[in-house]
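Student: Have a look at the structure that comes next, please.
The values are calculated or read from the model by the stated rules, or taken from the named source; none is laboratory data. Quantities reported herein were computed from a predicted structural model and do not represent experimental measurements. With ideal geometry, Cβ positions are generated from the backbone for all residues, glycine too; neighbour counts draw on all protein chains shown. Surface accessibility is based on the protein's heavy atoms, side chains included, excluding ligands, DNA and RNA. Shrake-Rupley method; radii C 1.70, N 1.55, O 1.52, S 1.80 Å.
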Amino acid sequence: MGKLDGRVVLVTGAARGQGEQEARLFVAEGARVVVADVLVEQGEALVKELGEEFGADVARFVRLDVGDEGDWAVAVAVAKDAFGKIDGLVNNAGILRFNELVNTPLAEFEQVVRVNMTGAFLGIRAVAPEIEAAGGGTIVNTSSYTGLTGMPLVGAYAATKHAVLGLTRVAAMELAGKGIRVNAVCPGAVDTAMTNPALLDPDADLTTSSAALEAYYRGLLPMGRIGRPEEVAALVLFLTCDDSSYITGQPFVVDGGWLAGVSPF
Ligand code: NAD
């Protein structure tokens, strides 16, 4: 018995990083998963790998730019065609840009809003009616540590991650009567390409880049280490399965204690 037997979940930004681990864990727990991303080659490779391990009908890839309304209609159609329904959504796709607010070009600000905030809105709007038609289910939105507190140089990103929590709370209230629970995860620093771009460079020395990250976070975080994408996936699984059956509208922090406080020592 898997925790997601019989479920059909669409995960955005699932070609790599946290979304990839969520797709892997969900399939291992019995779900059928729609891997949605702009990274076609990586997304298709993941679906192929999952098919080889768990059976050909466990996963489908769809090219989805979360900021594009038309792409969402296609993604929903692909999911229903493949699996007959959708009863779960993980809005995971996101981008990060570093800049001081006063130096942030409007186009850069709007690009971050388009993916992180509009993408989550369009996802809820496109998929919630399908989840309702399927008899209920779950939505998990991906906020951040910076959805709950400030951090210099990530103004556009932090604004969108705060907004994702607002969307989560309103969606939870509007959709509870339709059998849909909506929660958010707030990861701290997680070892993916977003925080560790060396992971994208085939020539990079990953031992050195990971060791540098480890050393940096050892001093910063109570738990003394960066998080693993699998640790975020485990929380997203909890919020997607029946273990969280009485929980909706909440942000869940997974950050090694970062948000617990600032140590003066
Ligand atoms: P990542 O960069 O490895 O993965 C992000 C994924 O989103 C990629 O597969 C990318 O192709 C996809 N994506 C980007 N733009 C897209 C678009 N327009 N449409 C569809 N897919 C798109 O980084 P990650 O750490 O796995 O990030 C996953 C989520 O977690 C993001 O929302 C991110 O903001 C959030 N997050 C990450 C961290 C961290 O430290 N890594 C911390 C807090 C929150």
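Student: Give me a comma-separated list of calculated 3J(HN,Hα) values for region 28-38, in order, Karplus coefficients 6.51, -1.76, 1.60 applied at θ = phi - 60°, integers in Hz, x for any Gly or Pro.
Tutor: Along region 28-38, the couplings run 4, 8, x, 7, 9, 10, 9, 8, 10, 6, 7 Hz.
Student: What percentage of all Cα-Cα pairs in region 193-258 are separated by more than 16 Å?
Tutor: Percentage above 16 Å: 59.
Student: So what is the calculated 222 nm ellipticity per residue for the chain, using -39500 (n - 2.57) for each DSSP H run with n of 4 or more, over all residues, to the nearest 500 deg cm²/dmol?
Tutor: -13500 deg cm²/dmol
Student: Search the structure for amide H atoms under 5 Å from the amide H of Ile226, placed 1.01 Å from N in the peptide plane, and list their residues when 5 or more places away or on another chain.
Tutor: none
Student: Over region 159-265, average the accessible area per residue using a 1.4 Å probe and give it in Å², no decimals.
Tutor: The answer is 53 Å² per residue.
Student: Please quote Rg/Rh for region 132-172 to two decimal places, taking the Kirkwood radius as Rh and restricting both calculations to Cα atoms.
Tutor: Rg/Rh: 1.15.
Student: Next question, about the same structure. In whole percent, how big is the carbon plus sulfur part of the accessible area of the chain, probe 1.4 Å, protein atoms only?
Tutor: The nonpolar share, carbon plus sulfur, comes to 56 percent.
Student: Could you order peptides 192-205, 157-170, 72-85 by the average number of other Cβ atoms within 10 Å of their residues, highest first?
Tutor: Result, highest mean Cβ count within 10 Å first: 157-170, 72-85, 192-205.
Student: Taking amide hydrogens as modeled 1.01 Å from N in the peptide plane, which residues meet the under 5 Å criterion relative to Val90, leaving out close sequence neighbours?
Tutor: Counting only residues 5 or more places away or on other chains, the set is Leu10, Val11, Thr12, Val140.
Student: Roughly how many debye, to the nearest 20, is the charge dipole of the chain about its Cα centre, given +1 on each Lys and Arg Cβ, -1 on each Asp and Glu Cβ, and no other charges?
Tutor: 720 debye
Student: Given 4 °C and 1.567 mPa s, compute D for the chain with the Stokes-Einstein relation, Rh being the Kirkwood radius over Cα pairs; round to the nearest whole µm²/s.
Tutor: Using the Kirkwood radius from Cα pairs, D works out to 69 µm²/s.
Student: Sorted by average packing, counted as other Cβ atoms within 10 angstrom per residue and highest first, what order do 45-52, 98-105, 135-142, 216-223 take?
Tutor: Packing order, densest peptide first, comes out as 135-142, 45-52, 216-223, 98-105.
Student: How large is the accessible surface per residue of region 114-156, computed with a 1.4 Å probe and reported in Å² as a whole number?
Tutor: Spelled out: the 1.4 Å probe surface of region 114-156, per residue, equals 34 Å².
Student: Given N residues in region 164-230, what is its alpha carbon radius of gyration divided by 2.2 N^0.38 Å?
Tutor: That works out to 1.60 for region 164-230.
Student: Apply the Karplus curve 6.51 cos²θ - 1.76 cosθ + 1.60, θ = phi - 60°, to the phi angles in region 69-83 and return the couplings in whole Hz, x for Gly and Pro.
Tutor: Rounded to whole hertz, the list is 4, x, 4, 5, 4, 5, 4, 5, 5, 5, 4, 5, 5, 6, 10.
Student: With all distinct Cα pairs included, what does the Kirkwood hydrodynamic radius of region 42-152 come out to in Å, to one decimal, could you say?
Tutor: 15.9 Å
Student: Right, next: Whole Å is fine, so just give me how far the alpha carbon centre of region 216-265 lies from that of region 137-169.
Tutor: 14 Å
Student: Regarding region 19-93, what's the average projected area of the Cα-atom convex hull, expressed in nm²?
Tutor: Dividing the Cα hull surface by four gives the mean projection, 4.5 nm².
Student: For helix 229-240, what angle does its Cα long axis make with the longest principal axis of the chain, in degrees from 0 to 90 and rounded to 10?
Tutor: 40 degrees
Student: A follow-up question, please. If amide hydrogens are placed 1.01 Å from N in the peptide plane, which non-local residues have theirs closer than 5 Å to the one on Val253?
Tutor: Under 5 Å from the amide H of Val253: Cys186.
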